[in-house]
Amino acid sequence: MNFGTVGTGWITESFIQAAKLSGQLQLTSVYSRTKDKAKQLADTYHAPNFFTDLEEMAKSPEIQAVYIASPNSVHFEQTLLFLKNKKHVICEKPIFSTSAELAAAYQTAEENGVYLFEAIRNIHTPNFKILKDNLHLAGKLRSTILPYIQYSSRYDLFLQGEEPNIFSATYSGGALVDLGVYPLYLAVGLFGAPKQVNYFPVLLRSGVDGSGTLVLTYDDFVCTILCSKISHSELPCEIHGEKGTFILEDAAPISKITFVDNKGLERETLSVDQEEKNMVYECENIVRIIETNNDQEYQQLKSWSEIVLQITEKARKQNNIIFAAEK
């Protein structure tokens with residue numbers, strides 16, 4: 001399947017490399033507002049076409065799908081443009097700013113006979129499936145803690161008085177939507193939608209969260225998600241049950257899973273080795289869903305995207321974190 005990219009950052013290059021590794025996607029086109037950047041990326045990965053006009057690219061017969069990794073606030077507008085031109089869209093997380101945008105985009109995709117996906121790597125990995133298939137080993141779940149705490153070099157710029165996109169309400173930034181979505185997707189994929197959502201953020205002068213604690217309440221247990229772009233932690237993720245505990249080395253890409261039996265405290269490694277370029281798994285799954293018209297799996301991914309966005313939206317509104325896209 002021929003695809004194009006929107007965005008020239010490191011995440012775009014990671015996706016291009018994973019796409020090549022998958023053998024399922026062929027890069028034919030890249031876009032950047034700057035001609036030099038577009039040409040440089042195209043030359044680096046041997047793409048025959050580059051664009052500085054997004055509408056021209058959307059109309060191009062050289063692409064069947066597009067990967068969008070632009071600033072969060074323009075995801076919706078750019079996604080609609082490609083969907084209306086009958087291109088499949090893989091949009092980097094967080095997919096959109098609001099649930100209303102998500103609903104409108106899915107409707108547009110359906111009207112034009114194409115697919116829309118949120119690029120979220122951890123739920124496509126082999127180890128996520130292993131964890132989900134073996135979750136019953138823990139017995140009745142009682143608590144869960146899922147941290148994703150990673151200091152951002154862009155915070156240094158913020159402290160110097162600048163306002164990078166990821167720390168800006170104008171560009172739909174903040175710790176929860178940027179990093180918190182990884183453990184949040186893990187929670188939703190494993191446990192479903194929570195009964196209650198409560199968010200306790202550390203607010204920055206720009207009006208977004210630099211870090212925060214998200215509490216998801218289920219029938220018999222509480223899932224606590226810690227996210228931060230202004231500090232660092234090496235805490236593992238843990239899922240606690242009455243029969244045992246799962247210890248995950250990280251929420252994304254779930255590189256190692258250990259199960260500890262509560263009685264004998266015996267440890268068993270359940271995880272398998274995964275590709276270093278772990279975005280390859282989402283590339284493979286997305287192409288497979290498109291080519292086989294696997295509606296059941298597509299609807300599952302769609303449902304998870306809807307639940308995750310509803311949670312982040314509710315969490316933000318509880319704390320008056322308002323994006324420019326909502327005004």
Would you mind listing how long the stretch 249-300 runs along its three principal axes, going by Cα atoms, in whole Å with the largest first?
46, 25, 15
Around residue 223, what is the net charge, scoring Lys/Arg as +1 and Asp/Glu as -1 over all other residues with Cβ under 13 Å from its Cβ?
-1
Approximate spin-label separation residue 300-residue 112, in nm, with each point projected 7 Å along Cα-to-Cβ
2.7
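Give me the percent relative contact order of the chain, please, defined on Cα pairs under 8 angstrom at least 6 residues apart.
19 percent.
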Cα-Cα pairs above 24 Å in the chain: how many percent?
55
Quantify, in whole percent, the carbon and sulfur part of the accessible surface of the chain (1.4 Å probe; protein heavy atoms only).
46
Checking the a/c ratio against 1.5 first, then a/b against b/c, what shape does the Cα gyration tensor give for the stretch 41-86?
oblate
Within the stretch 220-260: Cβ-based charge dipole about Cα centre, in debye rounded to nearest 20 (Lys, Arg +1; Asp, Glu -1)
100
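Taking the alpha carbon gyration tensor of the stretch 174-327, what are the square roots of 5 times its eigenvalues, largest first, to the nearest whole Å? Don't skip to the end; give the middle numbers.
Details: eigenvalues 144, 103, 53 Å².
Values for the stretch 174-327, descending: 27, 23, 16 Å.
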So if I take the alpha carbon set of the stretch 65-130, get Rg, then get Rh from the Kirkwood formula, what is the Rg over Rh ratio?
1.00
Value at 222 nm in deg cm²/dmol, rounded to 500, when DSSP H runs of n ≥ 4 in the chain each add -39,500 (n - 2.57)
-10500 deg cm²/dmol
Cut-off 17 Å, label 7 Å out along Cα→Cβ of residue 104, residues of the stretch 59-84 by amide N
72-84
Using a 1.4 Å probe, what is the accessible area per residue for the chain, in Å²?
45
Computed over the Cα atoms of the stretch 78-234, the Rg and Dmax in Å are 17.4, 50
The percentage of Cα-Cα pairs in the stretch 1-144 separated by more than 21 Å is 46
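The values are calculated or read from the model by the stated rules, or taken from the named source; none is laboratory data. Not measured: the values here are computed from a predicted model. Backbone-built Cβ (ideal geometry, glycine too); neighbour counts: all protein chains shown. The protein model used for the area step is the full one, side chains on, heavy atoms only, and it has no ligands, DNA or RNA in it. Shrake-Rupley method; radii C 1.70, N 1.55, O 1.52, S 1.80 Å.
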